[in-house]
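The values are calculated or read from the model by the stated rules, or taken from the named source; none is laboratory data. Given the structure is predicted, the values throughout are model-derived calculations rather than measurements. Cβ: placed from backbone, ideal geometry, glycine included. Neighbour counts: every protein chain shown. The protein model used for the area step is the full one, side chains on, heavy atoms only, and it has no ligands, DNA or RNA in it. Shrake-Rupley method; radii C 1.70, N 1.55, O 1.52, S 1.80 Å.
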Amino acid sequence: MIERHIVPTQYNNNYSTREHVSVYDRTMWRWANIENMDDFFERVYDYFQGKGLYCILLARLLNLMQVTLAFMIIFSTFLVGCVNYSEITSHHKLSEVIEPQCISKLSTTKVLFLSIFITWWIWQAYRFVTDLPALREMNNFYTHLLNIPDQDMQTVSWQTVLERIISIRETNPNTSEQSPIRLTEHDVASRIMRKENYLIALFNKDILNITIPLPFLRDRHVFTKDLEWNLSFCLLGFVFDQRGQIRKRFLKEKNKHLLVAGLKRRFIFMGLLNFILSPFIFGYLLFFFFFRYFEVSLINEYHKNPGEIGSRGYTPFAKWKFREFNELPHLFRNRISQSYEPANLYINQFPKEKTVLLARFVSFIAGSFAGVLALFSLFDSEALLNFEIVPNGTVLFFLGITGTVFAITRGMIPDDNQVFEPEKLLRQVVEHTHYLPNEWRQKLHTDQVRGEFCELFDYKVAIFLQELLSVIFAPLVLCLSLPTCAEQIISFFREFTVHVEGLGYVCSFAQFDFERHGNVKYGVPGPVVDDEYYLSKGGKMEKSFLNFKVKWNVLYCLFHSY
């Protein structure tokens, strides 16, 4: 049991009674009596990512909880149940095609969907209110103990936040030099990413079987947000307790068969539950990704540049493959963002003569029509709206269509002065992603590597469709694919978990244990590890160590584990 202490304030104040305690004293008392360090640092980091109290409140109020969800519910209900689409062609006003008392005429299925969404909205609103005291406490911690006011939160770096926390460690008996609890940049990152480090290792070692168990698709990995939520519940919720610590029974060999059976049951149960709730999950994913992802990522880009309608992004699977041990989310986003430009240039390097020839032809035809229509509208401005080329098809309508087709096809035609050097560009991508499988070496210029890279760097439209199709694939993966690797998963947690004094049980890869996992192929001196099972693939641990050292400028001893 952690002994509680009350640390006196360093400032003179007249509030000495229990009923009149200054904000500083109250904040200092809470800091000195933290019981769950993992939860505390996660909240500190979430507050940093949210850019302060008022930004977090505004974001949750407008974008994440009430306004966005309410808009989705109301707008979706209006579109589905209140508009008579068969009457649109014969009327010219919205009021003429709206069904009177449409809510009372909704079918049972639509009412059920609406009830679920409203219940969810109420739950999110309740969480918004109940989170306010914790956010206020975190605001006091930043303001009074770290001397970082809310107006500085948008520009302060995480390194500065961490340095100030370390500077006040002596005021907390649980983190002082005499305390067994460790408080360094590495320890804080290990606490925040205790669970994520295990997932990074599972993806790195290809232990998770997330292939589609269907003919012709068995070699294709599928990992969407839907599957990520399910995996978090089935696996992380099974392995870790409510305090975020790994359950001791997972560290004992004698419990293996019982744990494997339990994990398989969780996978199959969630697979069946996903299948039963698939209509509701599909509705949620459709609205969630359409309104939040598709509109923002695709339509906005289309308005800026119609030629970019086929823009690409990294898949969720690729992001987990690229993620490194102890790499916090904002650092990972910064690193991966730098790879987008060379990645797009690399994709566009490969010859696509048939596509280019067709694009040139369509662009010429569409541009010719658009030019003629534009000149026609200059001579007679009223014709733009009133002159119909075909029934119900005005000049403005066809000018918009041909102009859009022209812009898209022109965007598909590469620059005539483009230099063909795919290998150089892919190496620039690798500099940021730190991902270069052995199968790609000496083949960076080949179409085979391009195809495999495109599976990781896919069209955003395709990623959006994969999220929707996960309603079909997720139950299959959960019921048929993931149970086959349950034994490997349980063994992995037992074999790659180490106990660190003052930190608890963590993934051994995240501790940069070079004595046990060091790979001489990636510059680690010392004896060769005989069993490759205990090595990270592609030098993931060694790259993570170097990246962490560069980011934090920490002079770690390479052989600290000795």
- Take the range 230-249 and flag every residue that is closer than 13 Å to G271 by Cβ and surrounded by fewer than 19 Cβ atoms within 10 Å (Cβ to Cβ). F233
- Message: For a quick check of your reading: which helices (runs of 4 or more DSSP H) sit entirely within the range 180-279 and have at least 2 residues that are farther than 28 Å from Y314 by Cβ?
- Response: 256-276
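Okay, residues lined up against (1) buried (at least 19 other Cβ atoms within 10 Å of the Cβ); (2) touching a strand residue (DSSP E or B) at 6+ places or on another chain (Cβ under 8 Å):
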{"site": "F492", "(1), (2)": "yes, no"}
{"site": "H499", "(1), (2)": "no, yes"}
{"site": "L503", "(1), (2)": "yes, no"}
{"site": "S508", "(1), (2)": "yes, yes"}
{"site": "Q511", "(1), (2)": "yes, yes"}
{"site": "R516", "(1), (2)": "no, no"}
{"site": "G523", "(1), (2)": "no, no"}
{"site": "E532", "(1), (2)": "no, no"}
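Any residue in the range 53-67 that is under 30 Å from H330 (Cα atoms), outside any helix (DSSP H, G or I), at pLDDT below 70 and out of contact with any His (no Cβ under 6 Å at 6 or more places or on another chain)? Explain how you work it out, then say what you get.
Going through the range 53-67, the residues under 30 Å from H330 (Cα atoms) turn out to be 53-67.
Next, only the ones that are outside any helix (DSSP H, G or I) stay: 65.
Filter once more, so that each one left must be at pLDDT below 70: 65.
Imposing the further condition that a residue be out of contact with any His (no Cβ under 6 Å at 6 or more places or on another chain) reduces the set to 65.
Among the residues of the range 53-67, at least one is under 30 Å from H330 (Cα atoms), outside any helix (DSSP H, G or I), at pLDDT below 70 and out of contact with any His (no Cβ under 6 Å at 6 or more places or on another chain), which makes the answer yes.
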- Message: Pull out all pairs, ordered by first then second residue, where Cβ-Cβ is under 7 Å, the residues are six or more apart or on different chains, the first lies in the range 149-163 and is among the aromatic types (F, W, Y), and the second is surrounded by fewer than 17 Cβ atoms within 10 Å (Cβ to Cβ).
- Response: W158/H330
- Being at pLDDT below 85 and among the hydroxyl-bearing types (S, T, Y) is the filter; apply it to the range 296-354 and report the residue that is farthest from E455 (Cα to Cα). Y302
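Please determine, by comparing only the residues of the range 142-188 that are among the basic types (K, R) and farther than 21 Å from V506 by Cα, which one is modelled with the lowest pLDDT. I'd like the intermediate steps shown before the answer.
Narrowing the range 142-188 to residues among the basic types (K, R): 164, 169, 182.
From the residues that got through so far, the ones that are farther than 21 Å from V506 by Cα too are 164, 169.
Details: R164: 90, R169: 77.
The qualifying residue modelled with the lowest pLDDT is R169.
Just to check your reading of the model, which residue among K264, K254 is at pLDDT 85 or above, in contact with a helix residue (DSSP H, G or I) (Cβ under 8 Å, 6 or more places away or on another chain) and open to solvent by 20 Å² or more (accessible area, probe 1.4 Å)? Steps first, answer last, please.
Numbers: K254 fails: in contact with a helix residue (DSSP H, G or I) (Cβ under 8 Å, 6 or more places away or on another chain).
Just a single option satisfies the conditions, and that option is K264.
Condition check ((1) under 20 Å from W320 (Cα atoms); (2) part of a helix (DSSP H, G or I); (3) not β-branched (V, I, T)) across all residues:
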site: L426; (1), (2), (3): yes, yes, yes
site: L444; (1), (2), (3): no, no, yes
site: I463; (1), (2), (3): yes, yes, no
site: V477; (1), (2), (3): yes, yes, no
site: S481; (1), (2), (3): yes, yes, yes
site: A486; (1), (2), (3): yes, yes, yes
site: A510; (1), (2), (3): yes, yes, yes
site: R516; (1), (2), (3): no, yes, yes
- In the range 211-227, the residues that are within 20 Å of F238 (Cα to Cα) and surrounded by fewer than 21 Cβ atoms within 10 Å (Cβ to Cβ): K225
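So is I401 in a helix (DSSP H, G or I), under 29 Å from the mean Cα position of the chain (by Cα) and at negative phi or not?
Criteria not met by I401.
For every residue, the table says whether it meets (1) open to solvent by 70 Å² or more (accessible area, probe 1.4 Å); (2) in a helix (DSSP H, G or I); (3) not polar (S, T, N, Q).
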residue	(1), (2), (3)
A134	no, yes, yes
N139	no, yes, no
E163	yes, yes, yes
E170	yes, yes, yes
